[in-house]
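Working notes, structure below.
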Ligand code: SF4
């Protein structure tokens with residue numbers, strides 16, 4: 001067993017360690033964020049993934065929009081988003097997103113999507129249309145896109161997104177390669193790295209970003225190898241967070257990582273050359289994404 005990791009006896013699986021217990025903030029702009037999203041019929045990953053930060057982020061007036069529906073063509077066992085056969089892309093979604101950006105006075109917008117293996121471009125064209133439409137109405141806004149792995153169409157998707165000029169191009173490796181078969185069965189670790197590499201090589205001045213969850217049973221060596229692998233493809237930004245079982249059918253948590261260990265990984269990531277790092281139990285891909293500096 002590794003130091004600093006809290007192995008979880010079976011009978012305690014439901015009991016959270018003290019550092020994961022916190023009140024749910026729902027003040028500030030929470031209600032406004034909720035009303036805007038609701039009135040425009042927009043989905044968020046915050047709600048669909050049961051993100052533990054929803055109270056905090058929405059109270060700060062930020063939310064991560066989930067485009068292309070809330071039915072995913074994959075069935076990853078760490079994720080609570082429903083899987084099945086999605087609807088065709090909704091052509092009204094880009095203008096509803098623009099309305100959201102206006103009503104919430106956004107300066108930074110994170111857009112993500114479900115996996116759309118049913119579409120020839122994996123949904124890249126819809127990402128581009130969303131960015132273009134919002135940018136027409138809010139020219140100064142910065143975009144971060146958190147994209148799927150575009151399994152069957154990486155070259156095409158990278159080409160389509162070239163003109164959308166996001167500020168950050170993010171794709172999550174999610175976990176270490178040895179756990180892909182149980183956590184992310186439809187994914188391929190090397191293919192995910194390849195997408196980040198292609199983005200870096202094809203887009204001028206792009207910041208690339210990835211995320212990894214800890215607590216699924218990975219070893220320290222494996223985590224370090226993932227960090228090194230991401231730096232090998234020049235990935236700039238990283239978040240490292242605690243996996244928390246988002247639904248009863250999702251994978252169990254194997255261990256709770258201590259805050260001290262998250263600090264250790266943050267230092268390691270900085271040493272390896274990441275320029276922007278958020279590492280902590282509640283860190284998620286889009287957590288404080290708009291923050292300019294995070295090292
Ligand atoms: S961390 Fe991201 S997904 Fe979670 S509530 Fe905040 S914006 Fe939403």
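The values are calculated or read from the model by the stated rules, or taken from the named source; none is laboratory data. Model, not experiment: these values are computed from the prediction. All Cβ positions, even for glycine, are placed from backbone atoms using ideal geometry, and neighbour counts span all protein chains on display.
Among the listed residues 145, 141, which satisfies the condition of being in contact with a strand residue (DSSP E or B) (Cβ under 7 Å, 6 or more places away or on another chain) and over 26 Å from residue 216 (Cβ atoms)?
Details: 145 fails: over 26 Å from residue 216 (Cβ atoms).
Step by step, each of 145, 141 is checked, and only 141 is in contact with a strand residue (DSSP E or B) (Cβ under 7 Å, 6 or more places away or on another chain) and over 26 Å from residue 216 (Cβ atoms).
So which residues in segment 35-53 are in a helix (DSSP H, G or I), within 10 Å of the ligand (Cβ to nearest atom) and touching a residue at least 12 places away in the same chain (Cβ under 8 Å), if there are any at all? Hits for segment 35-53 are 45, 46, 48.
Here's a check for you: in segment 265-295, which residue that is more than 16 Å from the ligand (Cβ to nearest atom), at negative phi and surrounded by fewer than 17 Cβ atoms within 10 Å (Cβ to Cβ) is modelled with the lowest pLDDT? That would be 295. Looking only at segment 54-70, residues that are within 8 Å of the ligand (Cβ to nearest atom) and assigned to a strand (DSSP E or B) come to 1 in all. For residue 199, the criteria (1) in a loop (DSSP other than H, G, I, E, B); (2) in contact (Cβ under 8 Å) with a residue 40 or more places away in the chain; (3) more than 16 Å from the ligand (Cβ to nearest atom); (4) crowded, with 20+ Cβ neighbours inside 10 Å hold in every case but one, which is (1).
Of (1) surrounded by fewer than 19 Cβ atoms within 10 Å (Cβ to Cβ); (2) outside any helix (DSSP H, G or I); (3) modelled with pLDDT of 95 or more, residue 172 satisfies all except one. Which? Unmet condition: (1).
Please enumerate the residues belonging to segment 212-249 that are over 15 Å from the mean Cα position of the chain (by Cα) and at pLDDT below 95. Matches in segment 212-249: 245, 247, 248, 249.
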